[in-house]
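Below: the structure, in structure tokens.
The values are calculated or read from the model by the stated rules, or taken from the named source; none is laboratory data. Given the structure is predicted, the values throughout are model-derived calculations rather than measurements. Here the Cβ positions follow ideal geometry from the backbone for every residue, glycine too, while neighbour counts run over all protein chains shown.
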Amino acid sequence: MNPATQGAIVLVVTLAVLLAGAPVAFGLGMVSIAFLIVFQGFDSLRVVAETLFAGLHDFTLVSIPMFVMMGAAIGSSPAGKDLYEALDRWLYRLPGGLVISNLGACALFAALTGSSPACCAAIGKMGIPEMRKRGYPDDIATGSICAGGTLGILIPPSITFILYGIATETSIGRLFLAGVVPGIMLTGLFVLWTIVLIWKRGFRSHAIDFRYNWKEKFEALPKITPFLLIILGVMYVLYGGVATPSEAAGVGAALCVVMAVVIYRMWKPGQWWVMLRDTTRESVMILMIIAAAVLFGYMLTSLYITQTLAQAIADAHVNRWVLMGMINLFLLVCGFFIPPAAIILMTAPILYPIIKTAGFDPVWFGVVLTINMEIGLIHPPVGLNIYIVSSIAPDVPVTRIMWGTIPYVLCMILQIVILCFIPELATWLPDTLMGPVR
């Protein structure tokens, strides 16, 4: 059987297993082992354990549970509520100010956690009931939180960028820097759309004469300032060459835990248990997916599926932007069904040599890939953020939430198009601060 036929069978079976609801790590591992046995015999099983452990034998992976702990420490404290309230007091005069406050809180919380579900849940639990109480339409209240939550995997520190960097051996520091400008721009597009929509509907959440005084504005800042300083400190030591990503993440996690304890008096064992439980659960899940994805990649390579696919694309002689359009469409479809971590670890080793051959910057492509993953997070049928928001507002029909996310999906597609025309939006900051890649 030729590699092309084998690849088609692997694709169909893998999608069938994942769509059947199997946990991603176990699904990928099961498919990998099954195809190794079918095509190479039982002797191939001798490399399975070694490959699984080799996939986790990377010091950079230590940064993942550390960044997850940063998110858990903040998510289990009232920090998200304070972020939300502080922004609301400063932005309430704008049309749709409460929605913009939520989007701003999502952007800041994304910089604190690097996790989309955590960002969506933390801000949504406070923002959605408050917006609905003040009369905001359900589609705006829920759709904006779904979209804002996706910023957690674009604005650094981002676990998605860490996984992509590990899978393609691309500098994680450069990837973090590359996500800053597109992340701010995407937040701006979300805000712009919200202002236009609220203005068209003629909606106001506050009375015309309502005002927050300066004291009320500034008294909301002290509790959130230390967390923002921690993020700035982590970014400085990371990009200034003072520490590795793992070291910076470890210090940042420790400081976030200390701040949560000192500022919010989180002394009780039950509060610590929630923090450690969430950190362990999410970290183990991600690391298991990584190990299984490495085995999956080994299977694809040993059956010459990866090499055959890359060669077929290289021999197609299509315009490189047509190729990029095909890759984006492929990633978009994958995002409808498969979680971002699995997509990156499965596809990055295959796509990396293709985009390099086509002359695309791998750091720029990491940003484009991540925005595609964001679309998958708010697009059915998987749409993880949609179901998180649905659990927060169970009386809002899921279809209404989905319709509320569509304009934000279009904003993300527009952001990808802008990056294709102006790739320097992603590459300028890392090249300026870290020097061009030689």
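For segment 92-140, how many residues meet the condition of being within 18 Å of Thr194 (Cα to Cα) and at pLDDT below 70?
Total satisfying the criteria: 5.
Which one is farthest from Leu377 (Cα to Cα) among residues in segment 113-166 that are polar (S, T, N, Q) and assigned to a helix (DSSP H, G or I)?
The qualifying residue farthest from Leu377 (Cα to Cα) is Thr113.
Select from segment 385-410 the residues that are under 16 Å from the mean Cα position of the chain (by Cα) and within 25 Å of Ala178 (Cα to Cα) and list them in ascending order.
Answer for segment 385-410, where residues must be under 16 Å from the mean Cα position of the chain (by Cα) and within 25 Å of Ala178 (Cα to Cα): Asn385, Tyr408, Val409.
Just to be sure I understand, how many residues within segment 253-279 are without any contact (Cβ under 8 Å) to a residue 40 or more places away in the chain and not hydrophobic (A, V, I, L, M, F, W, C)?
Going through segment 253-279 one residue at a time, the tally reaches 5.
I'd like the residue in segment 309-326 that is of a type outside the set (A, V, I, L, M, F, W, C) and modelled with pLDDT of 75 or more and, out of all such residues, is nearest to the chain's Cα centre (by Cα).
Taking the candidates together, the pick is Gly325.
In segment 22-43, what count of residues is obtained for those that are surrounded by fewer than 19 Cβ atoms within 10 Å (Cβ to Cβ), of a type outside the set (Val, Ile, Thr) and either in contact with a strand residue (DSSP E or B) (Cβ under 7 Å, 6 or more places away or on another chain) or assigned to a helix (DSSP H, G or I) (or both)?
7
What's the total number of residues in segment 258-277 that are surrounded by fewer than 17 Cβ atoms within 10 Å (Cβ to Cβ) and of a type in the set (Gly, Ala, Ser)?
Residues flagged as surrounded by fewer than 17 Cβ atoms within 10 Å (Cβ to Cβ) and of a type in the set (Gly, Ala, Ser) within segment 258-277 amount to 1.
For segment 1-21, give me each residue that is under 19 Å from Val333 (Cβ atoms) and surrounded by 13 or more Cβ atoms within 10 Å (Cβ to Cβ).
Residues satisfying the conditions are Gly7, Ile9, Val10, Val13, Thr14, Leu15, Val17, Leu18, Leu19.
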